[in-house]
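Data first, discussion second: the structure below is written as structure tokens.
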Amino acid sequence: MQFREYGGDREVEALIALMAKLPGLGPRSARRAVIKMIEKRKIILEPLAQVLGSVSEKITECVECGNFSTEEICCICSDGERQSSIMCIVQDVADLWAMERSNVFKGIYHVLGNYSSTYSGINPEELKVDKIRTRLEKEHVEEVILALDATINGQTTAHYLIEKLQDTGAKFSSLAHGVPVGGELDYLDDGTIRAAFTARKNV
Amino acid sequence: MDWTDEGILLNTTPHGERSAILQVFTPKKGRHAGIIRNAYSPKKTSILQPSAQLSLSWSSRLEEHLGNFKVDLIRTRADVLMANRIALAAFNSLSALCISILAERDPMPDLYSVTEQFLDKIATQENWEFLYLDWELKLLSCIGFGLELDKCAVTGATENLAYISPKSGKAVCQDIGKDYHAKLLPFPTILRSDRNGKSTSLEELVLGLDLTGFFIEKWLDYSVENKKTMMIRKRFLHSLLA
């Protein structure tokens, strides 16, 4: 980005350039956000700077599950009321947070942090298979829920994990595929309809 | 420049925040890459699953440019593959081999036809795994390294074929080959034409795939990417016996 392109000074332009790197923001929307922050200096910019500094100083990956946390062990792993005998494996922290928002799962998580690809293959070190195995044994996990994407890459990873971890004795399950809540059949692709039809249940 | 065709989606690679680079296999243009915009919208992600049969429109200012794709779904195969770990491993192997081996923009209508039929038969035919061996033989043939398994390279005999030359990929009969037993590759039972319709086992299929794998690896340039391709293929062989 050229400095002074928008009439701002170097620090402001640097802030705009950094904001523009965030997902969903381009240079134009980053500029609008920065202007709004400066205009609302007391109620947005200063608290934001304070929180950013604090998060930047403390944030780390939970040593157990890989969730983002300001403690060494995140609030989910340190919660004694959660069922440690059920583990949900997710691709990334965004998926973990999505599962938590749904408030449907009360077990523990493990964040893979990576996926296999149809072309580039699977790097077991990236998938941290040994770490998962250690946790399964340490926590005496009885069921592993593979909450991975319903994509070719997601399911390739799921099959790989089952293959590598089936000797731990844990039961493996995966999320169902089918019609989403609010979904209209007319707008669904034929693969989703077939998957839903195959997984139909008695009512 | 622009063209329209149909094709099989081999792979998608993220490109920036919203776009992706597609690798497709088409009958008229061979393996072809191109960018698709807004690839991660909810509507597009279900379409852009590797293995999907797509209607493709490619356009670019110059032919040598990467170009842009517009796609429409003809039929999806992802649900069938995702429900079957062996099928998924087979597709991963097929797509990795296509990307590693096939020259870009080199039309291979015969191989395309065999590939499309193979992928469709995964959903409809029992013992489809055995067709994968035919696909690899066709792949070797289409890239100019086809195996000659119908007659002995030395005598021309069509019976008692027991070996395959690791240099030429041609069959050698028992009488000629026995003196070079240690240097020649064994002729897999599954590839014999005189089997008279006897049923074959997955172990025999893997022996056949070991042979095609030997020649694929031999002709594949050594690189990190190609090493990964062979690992993906090896995982398919492993899944057949697991």
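Each reported figure results from applying straightforward, stated rules to the coordinates on display, with no laboratory input. None of the values given here were measured: they were computed from a predicted structure. Here Cβ is always computed from backbone atoms with ideal geometry, including for glycine, and neighbour counts include all displayed protein chains.
What the table below lists for this structure:
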quantity: Amide H contacts of A:Gly107 (H built 1.01 Å from N, under 5 Å, at least 5 apart or other chain); calculated: A:Gln83
quantity: Degrees between helix B:85-101 axis and first principal axis of chain B (Cα, 0 to 90, nearest 10); calculated: 90
quantity: In order through the stretch B:171-182: 3J(HN,Hα) via Karplus (6.51 cos²θ - 1.76 cosθ + 1.60), integer Hz, x for Gly, Pro; calculated: 6, 9, 7, 4, 4, 6, x, 4, 6, 10, 3, 6
quantity: Span from the the stretch B:57-107 Cα centroid across to the the stretch B:134-194 one, whole angstrom; calculated: 32
quantity: Degrees separating the helix A:152-165 axis from the principal Cα axis of chain A, which is the longest one; calculated: 60
quantity: Placed amide H near B:Met108: partners under 5 Å, 5+ positions off or other chain; calculated: B:Gly30
quantity: Amide H contacts of B:Lys151 (H built 1.01 Å from N, under 5 Å, at least 5 apart or other chain); calculated: B:Ala171
quantity: Global geometry of the stretch A:16-75, whether rounded, prolate or oblate, following the gyration tensor of its Cα atoms and the 1.5 cut on a/c; calculated: oblate
quantity: Restricting the stretch B:1-66 to GluC sites (Glu not before Pro) in coil, as DSSP defines it, with at most 15 other Cβ within 10 Å; calculated: B:Glu17, B:Glu63, B:Glu64
quantity: Sites excluded, GluC sites (Glu not before Pro) in DSSP loops with at most 16 other C-beta within 10 Å, longest stretch of chain A; calculated: A:6-70
quantity: Sites matching trypsin sites (Lys or Arg not before Pro) across the stretch A:123-202 that sit in DSSP coil, with at most 11 neighbouring C-beta atoms within 10 Å; calculated: A:Arg200, A:Lys201
quantity: Alpha carbon centroid spacing (whole Å) that separates the stretch A:124-203 from the stretch A:38-68; calculated: 33
quantity: Nearest 10 degrees, 0 to 90: helix B:224-241 Cα axis against chain B principal axis; calculated: 70
quantity: At 0.692 mPa s and 37 °C, Stokes diffusion of the stretch A:81-202 via Kirkwood alpha-carbon radius, µm² per second; calculated: 211
quantity: Theoretical ellipticity at 222 nm over chain A - DSSP helices of four or more residues, -39500 (n - 2.57) apiece, nearest 500; calculated: -12000 deg cm²/dmol
quantity: Max mean-square fluctuation residue, GNM over chain A, Cα-Cα springs under 10 Å, options A:Val90, A:Val129, A:Val104; calculated: A:Val104
quantity: D (Stokes-Einstein, µm²/s), Kirkwood Cα radius, the protein assembly as shown, 0.692 mPa s at 37 °C; calculated: 129
quantity: Listed residues B:Gly208, B:Gly146, B:Gly156, most fluctuating in chain B (Gaussian network, C-alpha, under 10 Å); calculated: B:Gly156
